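Worksheet: one structure, shown below.
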Amino acid sequence: MTTSLLLPQKPVTEPEFLAIGETPERIELFDGSLHVTPAPTPRHQRLSTRLAIALTPVVEDAGLLLHEAVNVRVGTDRIPIPDLVITGEIDFDELVIDASAVRLVCEILSPSNGDTDRVLKSHYYATAGIPWYLLADPVSGTLRLFGLDGSAYTEVQVATPGVPLRLTEPVTVTIDPERLLPPR
């Protein structure tokens, strides 16, 4: 089944964005503009799934929650859809998670929007006060962990295949990026 998506040609408010409802398209709201991206590649999705599998037990043990591809409100008319999000308690029936509940956000770079993840979303997440930002490259397997320093992120750690990422906040876990990549 194909969905016809007619997007407004004017700035969109959060209520108008939410009125679109659930769609199979990945639609994000950035300062009144709708940003639509195609489905991720299988490589991207494998990294996301493997990372979620690695994080789930430690996230649950810490009394936190792990979510995939959810709406996160990071400001007025700003609702990105991060690949993975670790939160405290939330309302599971709300369409949007407020940034104040988010402990860590993860974006997996993709060819169609890598600059958006590296620059725009990083800025939005930092401005919203999200303490940790994990940026994953599905091609090289590099994981970059950024910690909030004032109103901007500072790179805290870089992990590459064979050189693990050691998280101590918001959960404690060691992840070797090699285990996240597809078989060679």
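Using a Gaussian network model of the chain whose springs link C-alpha atoms within less than 10 Å, name the residue from Leu34, Leu148, Leu167 with the highest mean-square fluctuation.
For the chain, modelled as a Gaussian network with Cα springs under 10 Å, the answer is Leu167.
Tell me the per residue accessible area of the chain using a 1.4 Å probe; a whole number in Å² is fine.
52
Using only Cα atoms, locate the centre of the stretch 155-184 and the centre of the stretch 85-101, then give the distance between them in Å, rounded to an integer.
25
Divide by every residue of the chain the summed helix terms, -39500 (n - 2.57) for each DSSP H run of at least 4, and state the resulting mean residue ellipticity at 222 nm, rounded to the nearest 500 deg cm²/dmol.
-5000 deg cm²/dmol
Going through the stretch 92-136, which chymotrypsin sites (Phe, Trp or Tyr not before Pro) have at most 10 other Cβ atoms within 10 Å and a DSSP loop state?
For chymotrypsin sites (Phe, Trp or Tyr not before Pro) across the stretch 92-136 that sit outside H, G, I, E and B with at most 10 neighbouring Cβ atoms in 10 Å, the list reads Phe92.
Based on DSSP loop calls and a cut-off of at most 15 other Cβ atoms within 10 Å, the longest stretch of the chain free of exposed GluC sites (Glu not before Pro) is what?
Within the chain, the longest run free of exposed GluC sites (Glu not before Pro) spans 95-184.
May I have the extent of the alpha carbons of the stretch 1-124 along their three principal axes, as whole Å values ordered from largest to smallest?
Result for the stretch 1-124: principal-axis Cα extents of 45, 33, 30 Å.
Taking the Cα centre of the chain as the origin, how large is its charge dipole in debye, to the nearest 20, when only Lys and Arg (+1) and Asp and Glu (-1) carry charge on their Cβ atoms?
Rounded to the nearest 20 debye, it is 700 debye.
Only bridges with both residues in the chain count here: give the DSSP antiparallel percent, nearest 5.
DSSP beta bridges in the chain are roughly 80 percent antiparallel.
If I compute solvent accessible area with a 1.4 Å probe over the protein chains, what percent of it on the stretch 1-100 is carbon and sulfur?
With neighbouring chains kept in place, the figure for the stretch 1-100 is 53 percent.
Give the angle, between 0 and 90 degrees and rounded to the nearest 10, that separates the Cα long axis of helix 42-61 from the longest principal axis of the Cα atoms of the chain.
Roughly 70 degrees, rounded to the nearest 10.
Hey, any idea what % of the stretch 105-175's accessible area is carbon plus sulfur with a 1.4 Å probe?
Carbon with sulfur: 53 percent of the solvent-accessible area.
Would you kindly calculate the translational diffusion coefficient of the stretch 88-130, applying Stokes-Einstein with the Kirkwood radius from alpha carbon pairs, for 4 °C and a viscosity of 1.567 mPa s, and quote it in µm² s⁻¹ without decimals?
Stokes-Einstein gives a translational diffusion coefficient of 111 µm²/s.
The values are calculated or read from the model by the stated rules, or taken from the named source; none is laboratory data. The structure displayed is predicted, hence computed values, not measured ones. Neighbour counts run over all protein chains shown; Cβ positions are idealised from the backbone, glycine included. The accessibility values were calculated without ligands, DNA or RNA, using every heavy atom of the protein model including side chains. Shrake-Rupley method; radii C 1.70, N 1.55, O 1.52, S 1.80 Å.
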